[in-house]
1. Could you tell me which of rounded, prolate or oblate describes the stretch 53-107, using a ≥ b ≥ c as the square roots of the eigenvalues of the alpha-carbon gyration tensor, with rounded for a/c under 1.5 and, failing that, prolate when a/b is larger than b/c and oblate otherwise?
2. Enter the per residue convex hull volume of the stretch 1-73, computed from alpha-carbon coordinates, in Å³ rounded to the nearest integer.
3. How many nm separate the modelled label positions at residue 149 and residue 216, each set 7 Å beyond the Cα in the direction of the Cβ?
4. Between their Cα atoms, which of 6/47; 23/234; 47/68; 117/148 are more than 25 Å away from each other?
5. Once you keep just the Cα pairs under 8 angstrom separated by 6 or more residues, what percentage relative contact order results for the stretch 66-203?
6. Do any trypsin sites (Lys or Arg not before Pro) in the stretch 70-139 lie in a DSSP loop with no more than 16 other beta carbon atoms within 10 Å, and if so, which?
7. Which of the peptides 125-135, 182-192, 60-70 is most tightly packed, and how do the rest follow, judged by the mean count of other Cβ atoms within 10 Å per residue?
8. If the cut-off is 17 Å between C-alpha atoms, which aspartates and glutamates fall inside it for residue 219, apart from same-chain ones fewer than 8 positions away?
Amino acid sequence: MMKDGKLFRVIDDNCWDPEARIKEMDATGVTVQALSTVPVMFSYWAKAEDTLDLCRIINDDLAATIAKHPTRFVGLCTLPMQAPALAAKELRRCVKELGFCGVQIGSHVGDWNLDAKELRPVFAVAEEVGASVFIHPWDMDMGGRMSKYWLPWLVGMPGETAVAICSMIFGGVLEEFPHLKVCFAHGGGAFPFTIGRIEHGFNVRPDLCAVDNQVNPRKYIGQLYTDTLVHDQKALRYLVDVIGEVCIVFLFLFVFGFFGFTLFGFSFCHGVCFFYIKSPDPDK
């Protein structure tokens, strides 16, 4: 894969060949995988109509793959979030006509955090049609102090996810849409590990934190979901303690770049494998 004339990723046939993907799933004990695009394909920066065309191509292609292997794959669609009316319409099409179970969106859309009023129509449709919303960090600061040591991925991504969660909480999104099913990538980023600081800020500076929603942030523990991808057993135990075992889904990603291949492969379309954690022991 090339980006702006430069090598972006080296990918293998499991990026485009469902049979290769299924072979790897069988080898790692995965029964069903959710297919979605990678965040670099969100294209929120482009003209809305062009992004919609790209989204429809991706969504239709994913739907065709799922139709050939309906017991092995489900779909998370992608949307032109910079044009909420178009995004809401495409989400409805993907769920009602293509049979997708949800959508993957970025941690922000241009200059909009996820509390933006402009995005409410998309969340309203997601709640209405029962679509799960998987939020993945993207478009991190890449320059200046963040330009070395791969800091955008190591530090920027957890921060991005925490900003997304706080925006939805403080902005009243979860209050307005109480039945919205939202899952945040990478164990919710920095949020679970800073919830004490976030709640304290809400309590001592309501003039800054409670301007759009007067409900304590901790109230939403139990309403939002995270995955388990924290790369550390002690961090996972803490995550279970904070978020609650019934609100954590076991996840590993078939992605390129970060993991190598053990349980992970190299994938053009994120393969997201969800299972509810039933045991309070994170090692099981």
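Quick note: the coordinates plus some simple rules give every number you see, no bench work behind them. Please read all numbers here as calculations on a predicted model, not as lab measurements. Cβ: placed from backbone, ideal geometry, glycine included. Neighbour counts: every protein chain shown.
1. Prolate.
2. 99 Å³
3. For residue 149 paired with residue 216, the spin-label model returns 3.6 nm.
4. Violating the 25 Å Cα-Cα cut-off are 23/234; 47/68; 117/148.
5. Relative contact order for the stretch 66-203 comes out at 23 percent.
6. The qualifying sites: there are none.
7. The peptides rank, most packed first, as 182-192, 125-135, 60-70.
8. Within the straight-line limit of under 17 Å, residue 219 reaches these aspartates and glutamates: 175, 176, 199, 241, 245.
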